[in-house]
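Chemist: Have a look at this one.
The values are calculated or read from the model by the stated rules, or taken from the named source; none is laboratory data. On a predicted model such as this, the values are computed, not experimentally measured, just so you know. Here the Cβ positions follow ideal geometry from the backbone for every residue, glycine too, while neighbour counts run over all protein chains shown. Remember, those area values only see protein heavy atoms, side chains included, never the ligands or the DNA or RNA. Shrake-Rupley method; radii C 1.70, N 1.55, O 1.52, S 1.80 Å.
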Amino acid sequence: MSILNQEHTRLMESVKELLKNSLSKKSIVLDIWTTPGMKESYIGGNAYFVDADFKIRKLFLGLVEMPVGHNAIVVREHAGKLLTNLGIQESDVFVVITDNASNFKRAYSEALNEKNLVDAESDELDEDHENNEEVEEVESNDEDDEVESNDEDEINDDEVQNELQEVEALETEYNGIYPTRLSCAAHDLSLVMSTVFEKKSILSSSIIKMTKKLISRFKKSHAATKSLAIKTKEVLSKSLVLLLPGPTRWAGHFYMINRLLKIVNPINEIALTKGWEILEERHLKVLRGLHALMKPVADLLLQSQSEEMGISKLYFALMEMIDTLENLELEDLTLTSTKSDLQAEIKRRFARILDPDSNEFNSLYIKASILDPQEFLTLEEEKYSIDDYLREMIKESMRLECEKNPSQASDTSNTQDQSSQKSYKDRLIAKRRENLSRCNQNANQEEPIQAIIKEYKRMMESPHVQNLTPLEFWQQHGNGILAPLKQNALDLLPVPMTGASIERVFSSASLATKGIKNRSSSNLLRKKLFIHLNN
């Protein structure tokens, strides 16, 4: 066995052990990467979790090669392979973070529900595209399937069926209260900007065309570029060159304007000597306004891609961005109108976080902020039912803990009643109903629940907790009265805000297959990346 294979095998076992011993469920970031030349496609992922040392860990799960056609069925199947290769069951996954491609949206539209994949074969990779066709449900005809039953069975059949439905309804309440798929916040921010800027034709406006034309002149002139580097070094103590973005990338345009405004005086000086059109004050006023409009979103986009930014930070980050835009004064009428559209689009795209009355609202984000001591006080208690969310999480933890540890009294009672039951099905239903009822009663004892809520809110008001990281707080205070909230915190806090980490993996993969390396075998590429990113 080669050194590469030995190291890969060793690391695989090490990663499996880390995942097995994690204190939380795993949050998985997924995306699809295609090699240069569109020769091969892979699904790749990173896992985020709290390890045995109470630290948030990120591990690269590897790459799984995909066939042609990345529909939802293929995505779900190959994502499953990615997980099972490292011993992760889907039940161990807390959330999946993806972009808004329709194949990902459908593959994870409802946790573990294969019915959503019925018409997935028509899925395409177009971002932010949704197929709203309804899938017709086919009902089976049971008339020919009827069989004669004896009188004894007929007596209990309807009752048993009703009880089974009742038990299943009760059990549904005890399933995870969180969704399976979350949308990448960075992707949503980019969609906000591209939607508004396309509507307003901002990136094709005359001032942008003029700016790009001037920058292109510098790009084509070695003498002008060299002169600019010398002048910028005199002013800023470092040489700067101008940036020229693609035609539709709003972030590229922001950095183009950001760089240009820093060195506009040397640019105009050189342009005058060359006889080129310069940027006058009226042009600069529009560019400064556009820069000010884009900056809050660009800052959050950059901030969101940090490894330290989990979803618990997203609510306040959005509110801060909205506040900055609200207080932004613009003279240009087009930009003022664009600002209004931008604010409306942000509220629409992020209604799942900002609007409790929206059908898209997802309390997961607010619950994450509630359980982050550094974010708790940023929440508006009048807007979000903090006590209700805490109560919900405490009840869920109590129920799950109760189900893990059925009482001996329940077993004894069930044994005594067995003789009066008419079938195994009846005995099973009775046992399950008794256990679920007991757990439900335990979880609905308001007095201990209210005591936990009161203590948690008291601690959040203490300045002391602001000096602790979220995980330090739960490590120190999660074993006493706050224990029912601890597991919720451990599952929620590692959830990343974006899928940027897997994009960085694909950048490494692109470098590993660049130039003369483009003939590297699929197996070799996967092993090299796994070793490089997990070592």
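Chemist: Going through segment 450-471 one residue at a time, which ones are under 13 Å from Lys55 (Cα atoms) and touching a Phe, Trp or Tyr at 6+ places or on another chain (Cβ under 8 Å)?
Modeler: Leu471
Chemist: Considering every residue within segment 325-342, establish whether at least one is within 30 Å of Ala489 (Cα to Cα) and at pLDDT 95 or above.
Modeler: No, segment 325-342 contains no residue that is within 30 Å of Ala489 (Cα to Cα) and at pLDDT 95 or above.
Chemist: Looking at segment 353-362, which of the residues that are over 14 Å from the mean Cα position of the chain (by Cα) and of a type in the set (S, T, N, Q) is surrounded by the most Cβ atoms within 10 Å (Cβ to Cβ)? Write out each step before concluding.
Modeler: Step one: of segment 353-362, the residues over 14 Å from the mean Cα position of the chain (by Cα) are 354-361.
Of the ones still in play, those that are also of a type in the set (S, T, N, Q) are 358-359.
Details: Ser358: 14, Asn359: 7.
If we take residues in segment 353-362 being over 14 Å from the mean Cα position of the chain (by Cα) and of a type in the set (S, T, N, Q), then Ser358 is surrounded by the most Cβ atoms within 10 Å (Cβ to Cβ).
Chemist: A further question follows. Counting residues that are small (Gly, Ala, Ser) and closer than 23 Å to Asn535 by Cβ, which strands (runs of 3 or more DSSP E) fully inside segment 1-81 reach at least 3?
Modeler: 41-50
Chemist: Another question, then. Of the numbered conditions (1) surrounded by fewer than 22 Cβ atoms within 10 Å (Cβ to Cβ); (2) farther than 24 Å from Ser521 by Cβ; (3) out of contact with any Phe, Trp or Tyr (no Cβ under 7 Å at 6 or more places or on another chain); (4) of a type in the set (A, V, I, L, M), Leu86 satisfies every one except a single condition; which is it?
Modeler: Answer for Leu86: the failing condition is (2).
Chemist: Out of the residues in segment 245-273 that are surrounded by 14 or more Cβ atoms within 10 Å (Cβ to Cβ) and in a loop (DSSP other than H, G, I, E, B), which is farthest from the chain's Cα centre (by Cα)?
Modeler: Taking the candidates together, the pick is Ile263.
Chemist: A further question on this structure: Restricting attention to segment 299-324, and to residues there that are farther than 18 Å from Lys347 by Cα and in contact with a strand residue (DSSP E or B) (Cβ under 8 Å, 6 or more places away or on another chain), which single residue is modelled with the lowest pLDDT?
Modeler: Taking the candidates together, the pick is Glu307.
Chemist: Condition first: under 21 Å from Phe530 (Cα atoms) and in contact with a Ser or Thr (Cβ under 7 Å, 6 or more places away or on another chain). Now tell me which residues in segment 82-96 satisfy that.
Modeler: Across segment 82-96, the qualifying residue is only Val96.
Chemist: Another one. So, in segment 25-72, exactly how many residues are open to solvent by less than 20 Å² (accessible area, probe 1.4 Å), modelled with pLDDT of 90 or more and of a type in the set (Val, Ile, Thr)?
Modeler: Of the residues in segment 25-72, 5 are open to solvent by less than 20 Å² (accessible area, probe 1.4 Å), modelled with pLDDT of 90 or more and of a type in the set (Val, Ile, Thr).
Chemist: Look at Lys200 and say whether it is open to solvent by 70 Å² or more (accessible area, probe 1.4 Å) and of a type in the set (Lys, Arg).
Modeler: Answer is no for this residue.
Chemist: Continuing with the same structure: Of the residues that make up segment 284-296, is at least one closer than 19 Å to Ser190 by Cβ and at pLDDT below 95?
Modeler: No, segment 284-296 has no match at all.
Chemist: Also: Just name the residue that is least open to solvent (accessible area, probe 1.4 Å) out of those in segment 89-103 that are within 30 Å of Pro470 (Cα to Cα) and part of a helix (DSSP H, G or I).
Modeler: Asp92
Chemist: Let me ask something else. Which of (1) over 30 Å from Asp372 (Cα atoms); (2) in contact (Cβ under 8 Å) with a residue 40 or more places away in the chain does Lys313 not meet, given it meets every other one?
Modeler: (1)
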